[in-house]
Amino acid sequence: YGEGSQRLVAMNRYQGTLLWTRDAKYNFRHNAIVAGKGRVFCMDRMSAQRLSYLKRRGRSPSGNAHLCALDLHTGDEIWRTEEHLFGTWLAYSTAHDLLLQAGSMNRDRAKDEAGRGMAVYRAGSGDVVWKSDVSYSGPPLLHGDLIITQGKAFHLRTGKPHLRIHPLTGV
């Protein structure tokens, strides 16, 4: 079971030529890599459980964990943040040019998945739009203006809960 990689590789899909590579300081978690509008968004970090495992074996990565946006064609860093990193999942909304950092904890997922916290960033600048310590389960999916999880939904632009009337009970 491999949830992450040590290197990102970008290739021209038509010619098969290498565009760029980027080595991880920690780990590029597979569910925390997403692309859109000429950018690649990725998290180079390990969960607390993984870091503890390495430390018990006398190994510790150097440098700071971070979330960043890279130029799709060159690999150049557009923006980076080392603050408020907790997630194991990224999702991108093309319609709103927003990036969601979250987790995907559920019974069929890796044991170190995050199940608490969400943060939304302006994808072009990395500015935080909102963040919350809300708990949820399952990978959050973006649908229009909503973030949909297993049992809960939130407004993408505000983080406020999305409520609706139950179709069977009317409550």
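The values are calculated or read from the model by the stated rules, or taken from the named source; none is laboratory data. Here the structure is a predicted model, which is why all the values come from computation and not from measurement. Cβ: placed from backbone, ideal geometry, glycine included. Neighbour counts: every protein chain shown. Quick note on the areas: whole protein, heavy atoms, side chains included, nothing else; ligands and nucleic acids left out. Shrake-Rupley method; radii C 1.70, N 1.55, O 1.52, S 1.80 Å.
What the table shows:
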quantity: Single condition THR158 does not satisfy, out of (1) hydroxyl-bearing (Ser, Thr, Tyr); (2) modelled with pLDDT of 90 or more; (3) open to solvent by less than 50 Å² (accessible area, probe 1.4 Å); calculated: (3)
quantity: PHE41 being aromatic (Phe, Trp, Tyr) and not in a strand (DSSP E or B); calculated: no
quantity: Pairs, first open to solvent by 50 Å² or more (accessible area, probe 1.4 Å) in the range 85-96, second assigned to a loop (DSSP other than H, G, I, E, B) and basic (Lys, Arg), C-beta under 8 Å, six or more apart; calculated: THR94/LYS37; HIS96/ARG157
quantity: Pairs where the first residue, in the range 127-155, is without any contact (Cβ under 8 Å) to a residue 12 or more places away in the chain and the second is among the hydroxyl-bearing types (Ser, Thr, Tyr), C-beta under 9 Å, 6+ apart; calculated: ASP127/TYR121
quantity: Meets criteria (part of a helix (DSSP H, G or I) and surrounded by 18 or more Cβ atoms within 10 Å (Cβ to Cβ)) for ARG50; calculated: yes
quantity: Subset tally (residues that are free of Cβ contacts under 8 Å to residues at least 12 places away in the same chain and aliphatic (A, V, I, L, M)) for the range 52-79; calculated: 1
quantity: Segments classed as strands (runs of 3 or more DSSP E), wholly inside the range 60-150, with at least 2 members that are at pLDDT 95 or above, touching a His at 6+ places or on another chain (Cβ under 9 Å) and closer than 18 Å to LYS25 by Cα; calculated: 77-81
quantity: All positions within the range 133-152 that are crowded, with 17+ Cβ neighbours inside 10 Å and either of a type in the set (Lys, Arg) or farther than 18 Å from ALA32 by Cβ (or both); calculated: ILE148
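Here's the yes/no breakdown for (1) surrounded by 11 or more Cβ atoms within 10 Å (Cβ to Cβ); (2) over 13 Å from the mean Cα position of the chain (by Cα):
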residue	(1), (2)
ALA10	yes, yes
TRP20	yes, yes
ALA35	yes, no
LEU54	yes, yes
ARG57	no, yes
GLY63	no, yes
